[in-house]
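These notes are about the structure you will find just below.
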Amino acid sequence: MRTNVLRWSVVVAFLLILAGGGYWYYRYSTLYPSTEDAYVGAHSVAPAPEVPGRVAAVFVRDHERVRRGTLLFALDPTPYRIGVDAALAALARAQSVVATEEAEVRSARAALLLARATLANAIKQARRATRLLKSGDVTRSRYDDAMTALAVARARVALARANLHAALNRLVAPIPRNPLWREAQAALARARWRLAQTEVHAGCTGIVTSASLRAGDVLGAGQSPFDIVCTHRWWVTANYKETDLARIRVGQPARVRVDMYPGVLFRGRVIGIAPAAGTAFSLLPPENATGNWVKVTQRVPVRVILTGIPHGTTLRLGTSATVTVDTVAHRHAEVAPRR
């Protein structure tokens, strides 16, 4: 009898421990939702020339670390230097043309001033000849000469005005507002910009990957020969089950373990929760309109920025991780940082 009581006591205790452990696991998984469907992420850039050309030199190797602004490779600048020289010549020609037009305007204005002075003198001479003709102190011939000179002076003023108008029409505007000069300036700026684009620099600090570029290769405008994985900012995209999202909020802390570093703890913070499940934007989203539909729990991407990266660890884009979010911490009111 005593043996049976002891046996049932052990069974009951075991069941109580099992029930307590199950409740503790359920409660812990609710307060600290975790997923192994997570992958390390980082920004990557694809450096590419803005102009086409043949590669003259390559200054980096595959898997090499580079800093922002490092010269990666250069195209043959010869055709673009020729373009700059041609643009400089066109600018000089435009300046010469505009200078000539400005000189013509100044000359036409001087000619108009001279014609007006001559006209003023001819008017005085005509008035004097008219008075003298009435008093009989001048011959009719002298009077006719004065009137002819007046008519000629008026014609010269009209001609000078016409010449000035034509010169102003040719000039349009002086430097720097002259459209011909501004067009040549723009062409020179564009030629210099195209020459500068023959050198391609790193857009961020990171690691070069998939670099197989060699001198002599021909690249088109916008064609990237390799990528750079930026190493200044890392995050983990954790694909949580939709049933685990009820307590997850932006700003909550998270613990991250990366598979390539067993036993090493990374600190993080939730900075974003996707507005749709991962399948919503797939190429062929599921269509559950058939009669044999089976409900499948969907997963929603949650981005966790890594705020604490242990010294000596080097993360790799796309590697696997495990994420656990602490939903007990009262930090959900924080504003998510810019991605």
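Here, each number is a calculation from the coordinates, and none is a lab measurement. Not measured: the values here are computed from a predicted model. No Cβ is skipped: glycine too gets one built from the backbone with ideal geometry, and neighbour counts run over all protein chains shown.
Numbers for the structure displayed
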{"quantity": "Alpha carbon Rg of the range 136-264, scaled by the compact-globule rule 2.2 N^0.38 Å", "calculated": "2.84"}
{"quantity": "Extension reserve of the Arg182-His232 stretch, reckoned as 0.36 nm per residue once the Cα distance is removed", "calculated": "13.7 nm"}
{"quantity": "Inter-site label distance for Ser141 and Arg93 at 7 Å from Cα along Cβ, in nm", "calculated": "5.9 nm"}
{"quantity": "Separation of the Thr307 and Val328 label points, Cα + 7 Å toward Cβ, nm", "calculated": "1.8 nm"}
{"quantity": "Span from the the range 189-241 Cα centroid across to the the range 157-172 one, whole angstrom", "calculated": "57 Å"}
{"quantity": "Potential extension, His201-Ala276 segment - 0.36 nm per residue separation minus Cα distance", "calculated": "23.3 nm"}
{"quantity": "Burial order of peptide ranges 172-179, 134-141, 237-244 (average beta-carbon count within 10 Å, highest first)", "calculated": "237-244, 172-179, 134-141"}
{"quantity": "18 Å reach of a label modelled at Ala86, 7 Å along Cα-to-Cβ, counting backbone N of the range 188-209", "calculated": "188-198"}
{"quantity": "Amide H contacts of Asp227 (H built 1.01 Å from N, under 5 Å, at least 5 apart or other chain)", "calculated": "Thr209"}
{"quantity": "Spin-label zone in the range 245-289 - amide nitrogen under 20 Å from a point set 7 Å from the Cα of Leu31 along the C-beta vector", "calculated": "245-256, 268-270"}
{"quantity": "Point-to-point label distance, Ala158-Lys124, nm (Cα→Cβ direction, 7 Å offset)", "calculated": "2.5 nm"}
{"quantity": "The chain: most fluctuating residue of Arg128, Arg316, Arg190 per GNM, C-alpha cutoff 10 Å", "calculated": "Arg128"}
{"quantity": "Residue order, fewest to most surrounding Cβ atoms within 10 angstrom, among Phe59, Phe266", "calculated": "Phe59, Phe266"}
{"quantity": "Ordering of 47-54, 214-221 by burial proxy (mean other Cβ atoms within 10 Å per residue, highest first)", "calculated": "47-54, 214-221"}
